[in-house]
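Trainee: Provided herewith is a single structure, encoded as structure tokens, for subsequent inquiry.
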Amino acid sequence: MLIAVVVGGAAAAFAYTAGWLTPDRVTPDKVVSILAPPGGPVLGYRRNHSKGICFSGSFEANGAGAALSKSQFFTTGAYPVTGRFNLAVPDPKAADSARVRGLSIRVQTPDGQEWRSAMISAPFFPVATPQAFYALQAAAHDPDPNAMKTFAAAHPSLGAFGAWAGSAPFTGSYADTGYNGLNSFIFTNAQGQDAAVRWSFAPAQTPVTVPVEELKKRDPDFLDKDITDRVAQSPQRWTMSVMVANPGDPTSDPSKAWPDDRRKVDVGTLIVSKIEPEADGPCRDLNFDPTVLPAGIRTSDDAFPAARSAAYSVSYNHRTAEEKNYPRTRTATQGAKP
């Protein structure tokens, strides 16, 4: 059961693209296909993180991030955000007791640039490389009962992820969940100095632990209802913290968390001020491609962002071509998109 949780979270968290596995070339289409649930993909929906809800709000930068990056995003001010809370599942009808939660955002700045990011609640990833990710999915789909055991024996990071999945506390809300960008990026400041970084969003709400057995008894959509009610009462907030790597810290391996004593800079606050169902919400047609970055931020030697970008594109193309399969809540006279 635990292995299923691990694989499900991993499968919905990230995917990768062609070119890393040769001569048996693995294309983005093959990767997206292998992520599908047993009954096949749910037409019209994202192929990973299929269940979610939209939000809009702002990011209030405090100016501290300007020492790390020249991006206007870190200049003191407030910038509009469109985002999505989601679950790491391939089925939009899955229960909200799923182990891994996600936060995706698009931030826009007055200089016409964008920053997009997709984060999850896990503190590290189950595997180190895109090659290992695909091998994990292949093992999960292999009818040989020993396939997963063989894979896990060769990839100890999967055991560490499984230990987290089986022991870390659950909470009952998106609002008191923290979200982590597991991939490394490079920030460049106005002086041309580079720093390898990862970021996280810590909730202002104090996390309240809820036993998983209790969560399973709740309404299958309790997370959506909870965040909708909370935001209707007052905006919800998360502090964005940037962690700066020391020389020698692994920047290409998201399965290895950096030591907690690394320099951290709180750069601002994400404020969620409006929740909308995804069917007609502002995040519905957004592709949260992690390689859409403003000047002052670029990818590192971590292969996953480019990999995810290619797979996200395939998923986006599939679901937009399947528009008729995606239910909407508004009628045409109420302003539904064509």
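Trainee: Only residues that are within 16 Å of the chain's Cα centre (by Cα), more than 20 Å from residue 274 (Cβ to Cβ) and not basic (Lys, Arg): list them for the range 97-114, please.
Mentor: The first filter runs over the range 97-114 and keeps only residues within 16 Å of the chain's Cα centre (by Cα), leaving 98-107.
Restricting the remaining residues to those that are more than 20 Å from residue 274 (Cβ to Cβ) gives 98-100.
Within the range 97-114, 98, 100 meet the criteria.
Trainee: I would also like to ask the following. Tell me which residues, restricted to the range 239-261, are of a type outside the set (A, V, I, L, M), surrounded by 14 or more Cβ atoms within 10 Å (Cβ to Cβ) and within 30 Å of residue 159 (Cβ to Cβ).
Mentor: Hits for the range 239-261 are 241, 249, 250, 251, 252, 253, 254, 255, 256, 258.
Quick grid of which residues meet (1) under 26 Å from residue 98 (Cα atoms); (2) assigned to a strand (DSSP E or B):
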| position | (1), (2) |
| --- | --- |
| 187 | no, yes |
| 191 | no, no |
| 225 | yes, no |
| 228 | yes, no |
| 231 | yes, no |
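So that you can scan it fast, the table gives a plain yes or no per residue for (1) in a helix (DSSP H, G or I); (2) modelled with pLDDT under 90; (3) among the aromatic types (Phe, Trp, Tyr):
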site	(1), (2), (3)
291	no, no, no
298	no, no, no
302	no, no, no
308	yes, no, no
315	yes, no, no
319	yes, no, no
330	no, yes, no
336	no, yes, no
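Trainee: I'm told residue 283 meets every condition in (1) more than 19 Å from the chain's Cα centre (by Cα); (2) in contact (Cβ under 8 Å) with a residue 40 or more places away in the chain except one. Can you identify the failing condition by its number?
Mentor: (1)
Trainee: Here's a follow-up. Answer yes if at least one residue in the range 88-105 is closer than 20 Å to residue 238 by Cα and among the β-branched types (Val, Ile, Thr), and no otherwise.
Mentor: yes
Trainee: Can you say whether residue 228 is under 30 Å from residue 187 (Cβ atoms), polar (S, T, N, Q), surrounded by fewer than 19 Cβ atoms within 10 Å (Cβ to Cβ) and out of contact with any Lys or Arg (no Cβ under 8 Å at 6 or more places or on another chain), as far as the supplied structure shows?
Mentor: Values: under 30 Å from residue 187 (Cβ atoms): no; polar (S, T, N, Q): yes; surrounded by fewer than 19 Cβ atoms within 10 Å (Cβ to Cβ): yes; out of contact with any Lys or Arg (no Cβ under 8 Å at 6 or more places or on another chain): yes.
Spelling it out, it is not the case that residue 228 is under 30 Å from residue 187 (Cβ atoms), polar (S, T, N, Q), surrounded by fewer than 19 Cβ atoms within 10 Å (Cβ to Cβ) and out of contact with any Lys or Arg (no Cβ under 8 Å at 6 or more places or on another chain).
Trainee: Please go through the range 97-130 and give me each residue that is in contact with a helix residue (DSSP H, G or I) (Cβ under 9 Å, 6 or more places away or on another chain), farther than 24 Å from residue 157 by Cβ and either crowded, with 23+ Cβ neighbours inside 10 Å or hydrophobic (A, V, I, L, M, F, W, C) (or both), ordered by number.
Mentor: Those that are in contact with a helix residue (DSSP H, G or I) (Cβ under 9 Å, 6 or more places away or on another chain), farther than 24 Å from residue 157 by Cβ and either crowded, with 23+ Cβ neighbours inside 10 Å or hydrophobic (A, V, I, L, M, F, W, C) (or both): 107, 115.
Trainee: Can you tell me which residue among 296, 268 is under 17 Å from residue 81 (Cβ atoms), surrounded by 14 or more Cβ atoms within 10 Å (Cβ to Cβ), among the small types (Gly, Ala, Ser) and touching a helix residue (DSSP H, G or I) at 6+ places or on another chain (Cβ under 8 Å)? Spell out the reasoning first.
Mentor: Numbers: 296 fails: under 17 Å from residue 81 (Cβ atoms).
Result: 268 is the single residue among 296, 268 that is under 17 Å from residue 81 (Cβ atoms), surrounded by 14 or more Cβ atoms within 10 Å (Cβ to Cβ), among the small types (Gly, Ala, Ser) and touching a helix residue (DSSP H, G or I) at 6+ places or on another chain (Cβ under 8 Å).
The values are calculated or read from the model by the stated rules, or taken from the named source; none is laboratory data. Only a predicted model underlies this, so the values are computations on that prediction, with no experimental measurement involved. Using ideal geometry, Cβ is built from the backbone for each residue, glycine included, and neighbour counts are taken over all protein chains shown.
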